[in-house]
Amino acid sequence: MTTTAAKTTHVAIVGGGWAGMSAAVELASRKIPVTVYEAANTLGGRARRVMTNGLALDNGLHILVGAYKETLRMIRMVSGTGESANLLRLPLRFRVEPDFRMHAPRLPRPLHLFAAIVFARGLAVSEKVAAMRFMQSMKSNGFRCERGLTTTDLLQRQRQPHELIECLWGPLCIAALNTIPDQADAQVFLNVISDCLAGPRAASDLLLPKVDFSALFPEPAAEYVRRRGGLVHPGQTATSLRVLDDGFEVTASHTRRYSHLIIAVGPHRLEKLAGNIPQLAPQLEMLRQFDYQPIYSVFLQYPAQVTLPEAMIGMRNSLVQWVFDRGRLCNQPGMLGVVISASGSHQALARDNLAQQIHEQLAQRFSLPEPLWSQVIAEKRATFTAKPQLQRPANLTGVPGLFLAGDYTSSPYPATLESAVRSGLACARSILNFDD
Ligand SMILES: Cc1cc2nc3c(=O)[nH]c(=O)nc-3n(C[C@H](O)[C@H](O)[C@H](O)COP(=O)(O)OP(=O)(O)OC[C@H]3O[C@@H](n4cnc5c(N)ncnc54)[C@H](O)[C@@H]3O)c2cc1C
C-alpha cells in the first residue's frame with residue numbers, strides 16, 4: 001500500500017451519488033482538484049441505472065419538480081444540452097384512477113393553482129373550498145406551523161375533508177416525503193407545498209426522465225469533472241478515513257492524503273465508514289435516531305403495443321400508487337413501471353406475488369395482456385422517515401476541512417434529489433469560500 005501526500009488543495013469525495021457528484025462538479029468548475037470514490041460500478045447511488053434483460057431501468061422510479069432549481073441547474077450544466085433532451089416537463093397534472101383529475105394550466109401564479117382546484121374533477125365544491133382555504137391559511141402563516149405536528153394533525157386542525165386528504169394531500173405527502181401523513185413532519189410537508197404549489201407556476205411542473213438516472217446527471221457529471229482534470233473512480237470502496245494534523249487520509253485500493261474530505265455516503269453507511277472519527281460522534285448520535293422507509297419499484301414488460309393513456313397515472317385503493325409508461329417516456333415500448341412508496345402491506349408479499357397482484361390491479365383498470373416478464377426492486381432504506389422534530393446533521397462538522405453531504409443533512413426538504421444536490425453544493429461552496 002502506498003501513501004501519497006497532498007501539498008495543495010485536493011478534495012476527496014467519498015460517495016458518487018447525486019450529493020457527491022454535485023460537490024465534485026461545483027469544485028471542478030472552479031478548478032479545484034477533486035477525487036471521487038464510489039463503491040458501486042455505476043454512479044448515482046439511490047438514483048442510478050440498473051440493467052435488466054438488456055434494458056436500462058432505474059433502481060427506483062423518480063420524478064423531479066420544477067422547484068428543484070439546483071438539481072435542474074446541475075443537469076443543464078453537465079449535459080451541455082437544454083433540459084428538454086433528457087426530461088419531459090409537464091404542467092402539474094394529477095390523474096388518479098378511478099375519478100380524480102387535476103391539471104394546472106399555464107397561467108401565472110396563483111391563477112394556475114386556483115384554476116387547478118376549481119376545475120379539478122372528483123372533488124365536491126365543499127372540498128375545493130377547503131383546499132383553497134388551507135392554501136390561503138398556510139400562506140398567511142408564511143407556511144409555518146407549530147413544531148412537532150404530524151401532517152395528519154395539521155390537516156385535521158385545518159378541517160380538511162377525508163376525501164381531499166385521500167385524493168390530494170395524502171398522495172402528495174407520501175410522494176414527496178416518502179412518509180405517511182400520520183408520521184410525516186407537517187413543517188417539512190409545508191416546505192414542499194410552499195415551494196412547489198405556492199411558488200412561480202413553473203415550480204409546480206413535473207419533470208419525468210427520458211433517460212436512466214445515471215445518464216441524467218452522475219455520468220455526465222463525471223465526464224465534466226474528468227475534463228477539468230478531476231478523478232472519478234467507480235468501483236472503489238473507501239475502507240478507512242483518518243483525520244490528520246494537516247488534512248485527511250482515504251484508504252481504498254491505495255491510501256492517499258487530501259486537504260479536504262467530503263463524506264457523501266448514505267446516512268446508514270456513515271457509522272461503519274467514519275465511526276473511528278471521534279469528532280463525528282454528535283452526528284452519529286443524531287443518525288441513531290433515524291429510521292427508514294422503503295420504496296418498491298415494480299417493472300412489468302408487456303408486448304410493445306401496450307401503452308397507458310398518460311405517462312404518469314395514480315391509483316387509489318390499490319397497491320399501485322403511481323404507474324409510469326416508459327414507452328412514452330424512455331422509448332421502452334410496453335414497459336410499465338410502478339412505484340410504491342413508504343411502508344405497507346406490500347412488504348409482506350413475495351416478489352413474484354407482488355408483481356402478479358400489481359399486474360392484476362393494473363389490468364382491472366387498463367386492458368392489458370399478461371406481462372412477458374417482471375422485475376421488483378425493493379430499496380428497503382430508500383429515505384429516512386421524515387418524522388417531526390428530527391435533528392439532521394449540518395454539512396460542517398467542527399473539523400476544519402471535513403464535511404458531510406447527503407439528502408439526510410440539515411435542510412428544509414425531505415430526502416430528495418434536491419436536498420442531496422444542495423448539500424453537495426453547500427460543502428463545495430464552504431471549501432471555495434474558505435480558499436478564496
Ligand atoms: C426507489 C427510490 C425512489 C426515489 N424517488 C425519488 C423521487 O421521485 N424524487 C426525489 O427527489 N427523490 C427520490 N428518491 C430519493 C433520492 O434518490 C435520494 O434522496 C438521493 O438519491 C440521495 O443521494 P445522496 O447522494 O445523498 O445519497 P446516495 O444516493 O445514497 O449516495 C451515496 C453513495 O455513496 C456510495 N458509498 C457508500 N459507502 C461508500 C464507501 N465506503 N466508499 C465509496 N462509496 C460509498 C454509495 O454506493 C452511493 O452511491 C428516491 C429514492 C429511492 C431509493
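Values quoted throughout were computed directly from the atomic coordinates according to the rules given, and no laboratory measurement underlies them. Everything quoted here is computed from the prediction, not taken from an experiment. Note: ideal-geometry Cβ built from the backbone for every residue, glycine included; neighbour counts use all protein chains shown.
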Please compute the modelled spin-label separation between Thr307 and Arg144, points set 7 Å along Cα→Cβ, answer in nm with one decimal. 5.0 nm
Can you list the residues, at least 5 places off or on another chain, whose amide H is less than 5 Å from the amide H of Val50, using H built in the peptide plane? Leu57, Asp58, Asn59
How much length is gained on full extension from Asp153 to Ser367, taking 0.36 nm per residue of separation minus their Cα-Cα distance? 73.1 nm
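Quick one, what does Rg over Rh come out to for the stretch 320-381 if you take C-alpha atoms and the Kirkwood Rh?
On the way: Rg = 11.9 Å, Rh = 12.6 Å.
Using Cα coordinates only, the ratio equals 0.95.
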Name the residues whose placed amide hydrogens come within less than 5 Å of the amide hydrogen of Leu107, ignoring near sequence neighbours (fewer than 5 apart) on the same chain. His112
Karplus couplings for the stretch 129-134 from phi (6.51 cos²θ - 1.76 cosθ + 1.60, θ = phi - 60°), rounded to Hz, Gly and Pro as x? 5, 5, 5, 5, 4, 4
Semi-axes in Å, largest first, for the stretch 79-126 (Cα gyration tensor, √(5λ)) are 28, 15, 5
Rank the residues Leu111, Leu57 as a footprinting-exposure proxy: fewest other Cβ atoms within 10 Å of their Cβ go first. Leu111, Leu57
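Just to check, using Stokes-Einstein with a Kirkwood Rh over alpha carbon pairs, what's the diffusion coefficient of the stretch 1-120 at 25 °C and 0.890 mPa s in µm²/s? Please list the in-between numbers first.
Values: Rh = 18.1 Å.
In µm²/s, the coefficient is 136.
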Distance histogram in 5 Å bins (all Cα pairs of the stretch 57-193, percent per bin): 2, 9, 16, 20, 21, 16, 9, 6, 2, 0
Hey, got the Cα dimensions of the stretch 143-254 along the principal axes, in Å, largest first? 60, 38, 23
If you average over every viewing direction, what projected area does the convex hull of the Cα atoms of the stretch 43-107 give, in nm²? 6.8 nm²
With no solvent and one equal point scatterer per Cα, compute the Debye intensity ratio I(q)/I(0) for the stretch 241-331 at 0.14, 0.18 Å⁻¹ and report its log10, rounded to two decimals. -0.71, -0.84
Per 10 Å bin from zero, what fraction in whole % of the C-alpha pairs of the stretch 302-436 is there, up to the bin with the longest pair? 10, 30, 24, 19, 13, 4, 0
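Quick one, can you get me the convex hull of the C-alpha atoms of the stretch 4-43 expressed as volume per residue in Å³?
67 Å³
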So, counting K/R as plus one and D/E as minus one, what does the shell of residues with Cβ under 11 Å around Pro333 add up to? +1
Within the set Lys139/Lys380; Lys210/Lys380; Lys272/Lys387; Lys69/Lys128; Lys69/Lys139, which residue pairs have Cα atoms separated by over 31 Å? Lys139/Lys380
Output needed: percent of Cα pairs per 5 Å distance bin for the stretch 127-179, bins running from 0 to the one holding the longest distance. 4, 19, 29, 31, 16, 1
Under a crude label model (7 Å from the Cα following the beta-carbon direction), how far is Leu88 from Asn41 in nanometres? 3.1 nm
Residues in the stretch 280-304, backbone N under 15 Å from the label point at Asn353 (7 Å along the Cα-to-beta-carbon vector): list them, ranges by number please. none
Over its Cα atoms, what ratio of radius of gyration to 2.2 N^0.38 Å does the chain give? 1.00
Each label point is 7 Å from the Cα along the Cα-to-Cβ direction; what then is the distance between the points at Lys69 and Thr8, in nm? 3.4 nm
So what is the 222 nm mean residue ellipticity for the chain from helices alone, if each DSSP H run of at least 4 adds -39500 (n - 2.57) and you divide by all residues, rounding to the nearest 500 deg cm²/dmol? -9500 deg cm²/dmol
